[in-house]
Amino acid sequence: MERFKEITKKIDFMKCSFCRNKSVYFRRNEGHHYCKNHFIKNIEKRVKRTIRANKLIENGDRIAVAISGGKDSANTLFLLNKIFKNNPKIKLFAITLDEGIKGYRDKSVKKSEIFCKKIGVEQHILTFKKEYGFTVDRLSKKMDSGYCGSCGLLRRYLLNKKARELKMTKLATGHNLDDECQSILMNILKGDLLRLVRGGPMPMLTRHKKFVSRIKPLITIPENESELYAELNNIPFHPKSCIYSVDNPLRGQTKKFLNNLDKTSPGIKYSLYESAIKIMPFIRTKFKSGKIGSCKECEEPSSQKVCKVCELLKSVK
Ligand code: SF4
Ligand code: ZN
């Protein structure tokens, strides 16, 4: 009898806490099991809440989703399309950057093309080769280190420029809770508190008419839940990480550190995120960022006479 009770308890334990169907996910910080249906509904509810609570999207918006072919950006496009496809006042597009990373980006760009076609979203693909005249593969051969950071700089610059040229009002990225927590911790570790205010669901970038507002609808969704959501919805995505991410060891170590903490203290990433959100307004008033002007060479927003991208382009060519 005892043995039977133990087995039924075990079977019971694997059922959804909301409908008793088979569980596909256990959220440790809540102690709840989720079946496929309730898991999908829960993710969508949380993304909608982030959008509504932070007024990320308004009628009249033209939204460009920066889709790389990975799970997070594909989920962002899938979710925004699902939520807004019947709203004629909101238009959705996709922008994909091909940095020229053989064996990685070529594969993920293909996945993004398949996905955009599948859901009928207009996609704009831009290559570093055409826009900048070189690939990140070449950059990595020219620089001993720092090419991942340079690639990130070039990506942000191009995404903002193209989104603006395409008359977008918002630029949505696939940043998830893990990405955000890593950035929060890294900025604190580096003593870069001003950069901390660039976090949050709609980062307060220094106002400049050439900046397109960035939004992060997936910011409260942990990475493992984002992956499961993509799998349960049959969203095509490239599962591998960029081969050059090893060039950013601090991010890799911060990721490991946070994941280890989360094993013994489930939910710690949510508390870190919530703490950062609460601190941001104080940092914003205490540390005013410098005035932002325009780069005298490319006329994009810059706090220096010549922007970092123009400097980088000169050193590479
Ligand atoms: Fe570029 Fe670094 Fe991202 Fe790879 S990980 S795509 S090198 S920013
Ligand atoms: Zn410039």
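Each value in this text was obtained by applying a stated rule to the coordinates, not by laboratory testing. Small disclaimer: the values here were computed from a predicted structure and weren't measured. Virtual Cβ from ideal backbone geometry, glycine too; neighbours counted across all protein chains shown.
From a point 7 Å beyond the Cα of residue 81 in the direction of its Cβ, which residues of segment 194-231 have a backbone N at a distance under 15 Å? Correct set: 230-231.
Here's the list of lysines a cross-link from residue 142 could span, going by alpha-carbon distance under 22 Å and ignoring same-chain residues fewer than 8 apart: 102, 129, 130, 308, 314, 317.
Rounded to the nearest 0.05, what FRET efficiency do residue 257 and residue 59 give with R0 = 51 Å and r taken as the Cβ-Cβ distance? Could you check?
0.75
What is segment 140-191 by shape, rounded, prolate or oblate, if you read a ≥ b ≥ c off the alpha carbon gyration tensor as root eigenvalues and call it rounded for a/c under 1.5, prolate for a/b larger than b/c, and oblate otherwise? If you can, show how the numbers build up before the last one.
Details: a/c = 2.73, a/b = 1.21, b/c = 2.25.
Cα axes put segment 140-191 in the oblate bin.
Computed from the C-beta positions of residue 241 and residue 49 and an R0 of 35 Å, the FRET efficiency is 0.75 to the nearest 0.05. The lysine pair count for segment 152-271, using Cα distances under 14 Å and pairs eight or more places apart or on different chains, is 13. In terms of its alpha-carbon gyration tensor, segment 174-317 comes out prolate; a/c meets the 1.5 threshold, and the first ratio a/b outweighs b/c.
The largest-to-smallest principal axis extents of the Cα set in segment 90-159 are 42, 25, 18 Å.
Checking the a/c ratio against 1.5 first, then a/b against b/c, what shape does the Cα gyration tensor give for segment 167-211?
Numbers: a/c = 3.72, a/b = 1.51, b/c = 2.46.
Oblate, since a/c reaches 1.5 and b/c is not below a/b.
Here segment 270-317 is treated as an ellipsoid with the same Cα gyration tensor; its semi-axes, largest first and in whole Å, are 33, 15, 7. The value given for segment 1-150 is a Kirkwood hydrodynamic radius of 18.9 Å, derived from the mean inverse Cα-Cα separation. The Rg/Rh ratio for segment 110-256, using Cα coordinates for both the radius of gyration and the Kirkwood hydrodynamic radius, is 0.95. Among the GluC sites (Glu not before Pro) within segment 82-145, those in coil by DSSP and having at most 13 neighbouring Cβ atoms inside 10 Å are 122.
Around the amide H of residue 213, modelled in the peptide plane, lie the amide H atoms of 171, all under 5 Å away and 5 or more residues distant in sequence or on another chain. Per residue, the average separation of C-alpha pairs within less than 8 Å and at least 6 apart gives the chain a relative contact order of 19 percent. Once the Kirkwood radius over Cα pairs is known for segment 146-229, the Stokes-Einstein relation at 37 °C and 0.692 mPa s delivers a diffusion coefficient of 234 µm²/s. With R₀ fixed at 51 Å, the C-beta to C-beta distance from residue 284 to residue 21 puts the FRET efficiency at about 0.65. Would you mind getting the Kirkwood hydrodynamic radius of the chain from its Cα pairs, rounded to one decimal in Å? In the chain this quantity evaluates to 21.2 Å.
In segment 247-312, which chymotrypsin sites (Phe, Trp or Tyr not before Pro) are in a loop and have at most 14 other Cβ atoms within 10 Å, using DSSP for the loop call? Intermediate results must be reported in sequence, preceding the final value.
Details: sites: 257, 270, 273, 282, 287; in loops: 287.
Those that pass, being in a loop and sparsely packed, are 287.
Amide H to amide H distances under 5 Å link residue 25 with 34, where only residues 5 or more positions off or on other chains count and H is placed in the peptide plane.
Do any trypsin sites (Lys or Arg not before Pro) in segment 134-176 lie in a loop, going by DSSP, with at most 12 other beta-carbon atoms within 10 Å of their beta carbon, and if so which?
167
On full extension, the segment bounded by residue 313 and residue 122 gains 65.8 nm, given 0.36 nm per residue less the C-alpha separation. Amide H contacts for residue 65 (H built 1.01 Å from N in the peptide plane; partners 5 or more residues away or on another chain; cut-off under 5 Å): 93, 94, 95, 172. For the pair residue 296 and residue 144, label points projected 7 Å from Cα toward Cβ lie 3.2 nm apart.
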